[in-house]
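**Student:** Questions regarding the structure given below will be posed in turn.
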Amino acid sequence: MGTTQSGILGGRLPLADYETNFSDLHPALDRHEALVASDRCYFCHDAPCMTACPTSIDIPLFIRQISTGNPIGSAKTIFDQNILGGMCARVCPTETLCEQACVRNTAEERPVEIGRLQRYATDIAMKENKQFYTRAESSGQRVAVVGAGPAGLACAHRLAVKGHEVVIYDAREKSGGLNEYGIAAYKSVDDFAQSEVDYVLSIGGIEVRHGQALGRDFSLADLTEQYDGVFLGLGLAGVNALRIEGENAEGLEDAVDFIAALRQSKTKADIPVGRRIVVLGGGMTAIDAAVQAKLLGAEEVTICYRRGKEHMNASEFEQDLAASKGVTIRHWLQPKRIALKDDKVAGIELEYTTLVDGKLTATGETGIIAADQIFKAIGQSFEASGLGSLAFEGGRIVVDAEGKTSLANVWAGGDCVLGGEDLTVSAVAMGRDAAEAINRAFAAAMPRASAVA
């Protein structure tokens, strides 16, 4: 099959090729490999890797526990700070976080494999269903969590541990948010995202209501009336527009939708892909879409980014991964017009750019790249309704250092808040910390309630 086919089609490859192409990007370490990898850690006292981790996991401790044959204890050390440590071990850009800060880089230019070691420990604990936490006595307090993504799940779990009753509302059919719908299929195989959701929910005291959308099925005002506290972990639902001629043409798609469809496909053969593809953007989403298009059988895949290599949000590892799969990355090009044939994508006209006094400027030079499919991955925006008078800035929810919003008894965290990062690990940290703030607020209110009574 393959090269004689044109247009946007599924089934470009033999079925066996899909299984091979979408196998685990970083296979799990076995026991011997984990012991060897853990032995490279210096167990620094003021470990820079800990500072670089948004959830502040005690990395030297969990690695030492692995090195002494105690992976279950290691997993607890990880989960104490990051209950979604299993997925973070798979998808975190460790090369720009903990591993970049590793002191081993100075002498050997090769860090300790922190991410793979974290996966080793958490996988063992989850496979054995080791539960490290039990719910405190019921507090009588009820909290609504909007969004079953990393921030919402982390918040719900910590609240449940504290004895509060939690109800999660999510618009989709499955929990997991970004972890379920937004991660490249080869980074999380064997339906791991759902296994992790089940593990998190097993603490008890958490109800999940799927197919419930804020602004359609309920409003924030409804929740504040029914619950003692509300946490908003809404993520980013909108996709930025190109604002160019031909943007609505058949064959131009949002990269996030393409990635989500791939994540939900069993064989991948049913996902249609073009022969010649252009991906617009310079972040992780652009890389994920481009690499997976190539793995589906696309002949030519080109990423076009309006700035230079050094400006790309995608890490150098991710850029190298794309190149290793045959993806071409071109810089200093911005989209100008979609070329059409019979109202379908036939190519894209791009304009060269440069920096003038630090400002991105078009040079006037243009060129056309032939394509039958274009994916836009130029960033996402926050879209939500039903939030009432909640304060916003720059299109995101304004929160204080504890995740508190402008409304009483409403907290928020993750990508939807001002300053939020497009990282699972950062969302987990914000959800966890908001849960602690909610718990403190409940505790502070109780003496006053007793005094009034």
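The values are calculated or read from the model by the stated rules, or taken from the named source; none is laboratory data. On a predicted model such as this, the values are computed, not experimentally measured, just so you know. Heads up, the Cβs are rebuilt from the backbone with ideal geometry, glycines too, and the neighbour counts pull from every protein chain shown. What goes into the accessible areas is simple: the full protein's heavy atoms, side chains included, and nothing from ligands, DNA or RNA. Shrake-Rupley method; radii C 1.70, N 1.55, O 1.52, S 1.80 Å.
**Student:** Of A434, A391, A362, A429, which residue is open to solvent by less than 60 Å² (accessible area, probe 1.4 Å) and farther than 20 Å from G235 by Cβ? Steps first, answer last, please.
**Tutor:** Numbers: A434 fails: farther than 20 Å from G235 by Cβ; A391 fails: farther than 20 Å from G235 by Cβ; A429 fails: farther than 20 Å from G235 by Cβ.
The match here is A362.
**Student:** Right, next: Determine whether the range 234-243 contains at least one residue that is at positive phi and of a type in the set (D, E, K, R).
**Tutor:** So the first thing to find is which residues in the range 234-243 are at positive phi, and the list is 235, 243.
Of the ones still in play, those that are also of a type in the set (D, E, K, R) are 243.
Checked the range 234-243: at least one residue is at positive phi and of a type in the set (D, E, K, R).
**Student:** Take the range 300-323 and flag every residue that is over 23 Å from the mean Cα position of the chain (by Cα) and surrounded by fewer than 16 Cβ atoms within 10 Å (Cβ to Cβ).
**Tutor:** If the condition is that a residue be over 23 Å from the mean Cα position of the chain (by Cα) and surrounded by fewer than 16 Cβ atoms within 10 Å (Cβ to Cβ), then G308 is the only one that fits.
**Student:** Now for a different question. Taking the range 305-348 on its own, how many of its residues are in contact with an Asp or Glu (Cβ under 8 Å, 6 or more places away or on another chain) and basic (K, R)?
**Tutor:** 3
**Student:** Continuing with this model, one more query. Keeping to the range 169-227, report how many residues are closer than 26 Å to D254 by Cβ, aliphatic (A, V, I, L, M), in contact with a His (Cβ under 9 Å, 6 or more places away or on another chain) and open to solvent by less than 20 Å² (accessible area, probe 1.4 Å).
**Tutor:** 0
**Student:** Starting from the range 191-206, take each residue that is over 16 Å from I168 (Cα atoms) and list its partners that are among the aliphatic types (A, V, I, L, M) and modelled with pLDDT under 95, counting only C-beta distances under 8 angstrom and pairs at least six apart or across chains.
**Tutor:** A193/I183
**Student:** Let me ask another. Is it true that some residue in the range 411-424 is closer than 22 Å to E225 by Cα and not small (G, A, S)? Steps first, please.
**Tutor:** The initial filter retains those residues of the range 411-424 that are closer than 22 Å to E225 by Cα, namely 411-413.
With the extra rule that they be not small (G, A, S), the set shrinks to 411.
Yes, the range 411-424 contains at least one residue that is closer than 22 Å to E225 by Cα and not small (G, A, S).
**Student:** Has the range 23-37 got at least one residue that is outside any helix (DSSP H, G or I), among the acidic types (D, E) and closer than 30 Å to D270 by Cα?
**Tutor:** Yes, the conditions are met somewhere in the range 23-37.
**Student:** Among the residues of the range 120-141, which ones are touching a Gly at 6+ places or on another chain (Cβ under 8 Å) and open to solvent by 10 Å² or more (accessible area, probe 1.4 Å)?
**Tutor:** D123, M126, R135, A136, E137, S138, S139, Q141
**Student:** Within the range 50-60, can one find any residue that is assigned to a loop (DSSP other than H, G, I, E, B), out of contact with any His (no Cβ under 6 Å at 6 or more places or on another chain), at negative phi and among the charged types (D, E, K, R)?
**Tutor:** Residues of the range 50-60 that are assigned to a loop (DSSP other than H, G, I, E, B), as a first pass: 53-58.
Those still in the list that are out of contact with any His (no Cβ under 6 Å at 6 or more places or on another chain) too: 53-58.
Pick out the ones that are also at negative phi and you get 53-55, 57-58.
From what is left, the residues that are among the charged types (D, E, K, R) are 58.
Checked the range 50-60: at least one residue is assigned to a loop (DSSP other than H, G, I, E, B), out of contact with any His (no Cβ under 6 Å at 6 or more places or on another chain), at negative phi and among the charged types (D, E, K, R).
**Student:** Now for a separate question. From the set of residues in the range 218-235 that are part of a loop (DSSP other than H, G, I, E, B) and touching a helix residue (DSSP H, G or I) at 6+ places or on another chain (Cβ under 9 Å), which is farthest from D415 (Cα to Cα)?
**Tutor:** So in the range 218-235, the residues part of a loop (DSSP other than H, G, I, E, B) come out as 219, 227-228, 233-235.
From the residues that got through so far, the ones that are touching a helix residue (DSSP H, G or I) at 6+ places or on another chain (Cβ under 9 Å) too are 228, 233-235.
Values: D228: 24, G233: 8, L234: 8, G235: 5 Å.
It comes out as D228.
**Student:** Would you check if G420 is crowded, with 23+ Cβ neighbours inside 10 Å and either closer than 23 Å to V239 by Cβ or of a type outside the set (A, V, I, L, M) (or both)? Steps first, please.
**Tutor:** Values: crowded, with 23+ Cβ neighbours inside 10 Å: no; either closer than 23 Å to V239 by Cβ or of a type outside the set (A, V, I, L, M) (or both): yes.
Against the criterion (crowded, with 23+ Cβ neighbours inside 10 Å and either closer than 23 Å to V239 by Cβ or of a type outside the set (A, V, I, L, M) (or both)), G420 does not qualify.
**Student:** Restricting attention to the range 330-359, and to residues there that are of a type in the set (V, I, T) and open to solvent by 40 Å² or more (accessible area, probe 1.4 Å), which single residue is nearest to L252 (Cα to Cα)?
**Tutor:** Within the range 330-359, the first condition is being of a type in the set (V, I, T), and the residues that meet it are 338, 345, 348, 353-354, 356.
Subsequent filtering for residues that are open to solvent by 40 Å² or more (accessible area, probe 1.4 Å) retains 354, 356.
Details: T354: 26, V356: 31 Å.
Per the stated criteria, the residue is T354.
**Student:** Are any residues in the range 61-92 over 28 Å from G177 (Cβ atoms) and in a loop (DSSP other than H, G, I, E, B), and if so, which ones?
**Tutor:** Taking the range 61-92 first, the residues over 28 Å from G177 (Cβ atoms) are 61, 63-70, 73.
Once the filter is applied, which keeps residues that are over 28 Å from G177 (Cβ atoms) and in a loop (DSSP other than H, G, I, E, B), the range 61-92 yields T68, G69, N70.
**Student:** Ok, one more. Determine which member of the set L153, L84, L117 is farther than 24 Å from S175 by Cα, at pLDDT 95 or above and open to solvent by less than 20 Å² (accessible area, probe 1.4 Å). Spell out the reasoning first.
**Tutor:** On the way: L153 fails: farther than 24 Å from S175 by Cα; L84 fails: farther than 24 Å from S175 by Cα.
Step by step, each of L153, L84, L117 is checked, and only L117 is farther than 24 Å from S175 by Cα, at pLDDT 95 or above and open to solvent by less than 20 Å² (accessible area, probe 1.4 Å).
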